[in-house]
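Note sheet for the following structure.
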Amino acid sequence: GAVVSQHPSWVICKSGTSVKIECRSLDFQATTMFWYRQFPKQSLMLMATSNEGSKATYEQGVEKDKFLINHASLTLSTLTVTSAHPEDSSFYICSARPGTGWSYEQYFGPGTRLTVT
Amino acid sequence: AQSVTQLDSQVPVFEEAPVELRCNYSSSVSVYLFWYVQYPNQGLQLLLKYLSGSTLVKGINGFEAEFNKSQTSFHLRKPSVHISDTAEYFCAVSSQGAQKLVFGQGTRLTINP
């Protein structure tokens, strides 16, 4: 199946700093990418949907200025957590889909664990 | 708006026993339904999906699920589980025409020898 990678797999940063997480589709072009957040032992919450070349669509309650998403190419999307605080510590998962219809599977990355100290 | 309820947060079973993980959804429009598995510290892997057609859907690793429109359910079943099936299982729904998935709370399946 198609592969989605995330980098880094885990990161520790100090409060107030920014951290960037990359999501890459390795063997297909991703028309759409999604960013999720998962707290320990909880479900995935969609943060935003991004289509290549256009601005991301954020879910209600997600701060656009804090979680910057850039879908720069058909194989790369980045999530930047700006001015991170301990409450931003979480497991961030991206997914990518090669088309816009549900006949196309959504492939998930392995996740990035962010710890803000 | 759609929502998904996974009725059991944890399901312990013995190896080689059958298992059913329950999932109910609510939606005012036609839906697509999915089951994903998540192993520790990993992303999600698609087990199976229902888009249309036969209500009994077969997936990977011997899992199957049945779409029941009248009961708004999409329960996941496996006739005989293995230790390697220990993982978190998520049910998800999307409405036709929508791009995003809405996930249930997850069910932790623990297999005891």
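The values are calculated or read from the model by the stated rules, or taken from the named source; none is laboratory data. Just so it is clear, the structure is predicted and the values come from calculations on it, not from any experiment. Ideal geometry is used to build each Cβ from the backbone, glycine not excepted, and the neighbour counts take in all protein chains shown. We work out accessible area using only protein heavy atoms, side chains counted, and drop any ligands, DNA or RNA first. Shrake-Rupley method; radii C 1.70, N 1.55, O 1.52, S 1.80 Å.
Summary table below
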read-out	value
Largest-first ordering by accessible area, 1.4 Å probe, given options B:Ile83, A:Ile93	B:Ile83, A:Ile93
In order through the stretch A:61-72: 3J(HN,Hα) via Karplus (6.51 cos²θ - 1.76 cosθ + 1.60), integer Hz, x for Gly, Pro	x, 9, 6, 5, 7, 8, 10, 8, 10, 10, 9, 6
Exposure rank, largest accessible area first [B:Ile60, B:Ile111; 1.4 Å]	B:Ile60, B:Ile111
With all protein chains modelled, accessible area of B:Asp8 [1.4 Å, Å²]	40 Å²
Antiparallel bridges, percent of DSSP beta bridges restricted to chain A (to nearest 5)	90 percent
Positive-end residue, the stretch A:14-117 charge dipole about Cα centroid, Cβ charges, pick of A:Pro86, A:Leu46, A:Gln29	A:Pro86
Stretchable slack from A:Thr80 to A:Lys20, in nm (0.36 nm times residue separation minus alpha-carbon distance)	21.2 nm
Placed amide H near B:Gly106: partners under 5 Å, 5+ positions off or other chain	B:Gln6, B:Cys91
For chain B: relative contact order, % (alpha-carbon pairs under 8 angstrom, 6 or more apart)	38 percent
Residue-level accessible surface for B:Ser3, protein heavy atoms, 1.4 Å, Å²	50 Å²
Fluctuation leader among A:Ser18, A:Ser90, A:Ser54 - chain A, Gaussian network, Cα springs under 10 angstrom	A:Ser54
Cα-projected label distance for B:Gln71 with A:Asp65, points at 7 Å along beta-carbon direction, nm	5.0 nm
For chain B, with +1 on Lys and Arg beta carbons and -1 on Asp and Glu, the positive-most of B:Gly104, B:Ala1, B:Pro40 along the dipole	B:Ala1
Largest-first ordering by accessible area, 1.4 Å probe, given options A:Ser15, B:Ser84, A:Ser89	B:Ser84, A:Ser15, A:Ser89
Summed buried accessible surface, chains B and A, 1.4 Å probe, nearest 100 Å²	1700 Å²
Cβ neighbours within 10 Å from other chains - mean over B:98-104	6
